[in-house]
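One structure is given here, and the rest of the page talks about it.
The values are calculated or read from the model by the stated rules, or taken from the named source; none is laboratory data. Only a predicted model underlies this, so the values are computations on that prediction, with no experimental measurement involved. Heavy atoms of the whole protein, side chains included, go into the accessibility calculation; ligands, DNA and RNA do not. Shrake-Rupley method; radii C 1.70, N 1.55, O 1.52, S 1.80 Å.
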Amino acid sequence: MRLLLVEDDEILGDGLVEGLKMEGYAVDWLTNGKLADEALKINCYELIVLDLNLPDMEGLDILKALRGRKDETPVMVLTAKDTVPDRVMGLDSGADDFVIKPFELDEVCARLRALARRNEGRSAPNIEYKGIILDPASHQVTWNDEKVDLSQKEFEILSFLMSNIGRVISRARLEESMYSWDSDVESNTVEVHIHHLRKKLEPSIIRTVRGVGYIIDED
């Protein structure tokens with residue numbers, strides 16, 4: 001999943017970026033509120049982690065502008081403000097979760113997985129389809145009770161497609177979800193990963209819609 005982190009504390013932000021990347025997220029990191037607001041107008045993200053005290057534009061203003069554009073991307077607020085009124089204001093402004101600093105990375109990641117589940121309209125922790133069980137927490141995939149060894153990018157593509165069963169996902173959208181701004185993307189990267197997934201799983205599970213993208217058909 002591609003995630004936008006908006007945090008102006010360099011030490012905290014650097015640690016979060018490294019930790020979130022280890023969890024498989026493609027992370028874009030900004031330290032300026034106004035730049036974050038502009039980025040959200042032109043980029044698609046699956047999740048947003050947002051500090052409140054930011055230069056040039058406050059986190060709450062970014063949040064209100066996001067919801068004003070009818071953008072329903074899940075937002076986790078990170079803040080040192082731990083009073084009830086602060087939490088109420090953040091939630092009523094459109095935040096989906098509220099985490100108080102200092103925090104544990106494991107808890108942040110678990111909460112992000114919960115936000116992703118709710119956004120996808122499911123409550124179960126695993127994603128299942130025709131004998132395939134994908135566990136976002138452990139990054140493991142089994143097929144007919146046998147473990148399937150996938151690379152990180154193969155796992156990300158399969159997770160994205162299984163989270164959008166019945167919807168055609170373009171190659172550009174897959175690339176956007178997999179890579180942050182500072183990543184180098186080769187022109188045939190998605191096709192190569194799709195080819196490997198088909199070899200490791202049932203070839204017909206991922207269908208190519210010519211000229212459009214890829215789909216896992218509804219059962």
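Find the accessible area per residue for the chain; the probe is 1.4 Å, ligands and nucleic acids are left out, and the unit is Å².
Numbers: 11220 Å² over 219 residues.
Computed with neighbouring chains in place, this is 51 Å² per residue.
How big, in percent, is the set of alpha carbon pairs in the chain lying more than 29 Å apart? Before the final figure, lay out each step's value.
On the way: 6764 of 23871 pairs.
The answer is 28 percent, as a whole percent.
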| task | Relative to the longest principal axis of the C-alpha atoms of the chain, give the angle of the C-alpha long axis of helix 152-162, reported between 0 and 90° and rounded to the nearest 10°. | result | 90
| request: Report the convex hull volume per residue for region 92-142, counting only C-alpha atoms, in Å³. | output: 71
| said: How are the alpha carbon pair distances in region 9-130 distributed across 10 Å bins from zero to the largest one, expressed in percent? | reply: 12, 45, 36, 6, 1
| remark: In region 98-219 the accessible area split gives carbon plus sulfur, as whole percent at 1.4 Å, a share of 45
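So if I average 1/r over every pair of distinct C-alpha atoms in region 108-219 and take the inverse, what Kirkwood radius in Å does that give? Write down the numbers at each step before the final one.
Working: mean 1/r = 0.0685 Å⁻¹.
It is 14.6 Å.
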| field | Partners for Lys70 among aspartates and glutamates (Cα-Cα distance below 16 Å; same-chain residues under 8 apart left out) | value | Asp37, Glu38, Glu46, Asp61, Asp92, Asp96
| task | Can you tell me the 0 to 90 degree angle between the C-alpha axis of helix 189-200 and the longest principal axis of the chain, rounded to 10? | result | 50
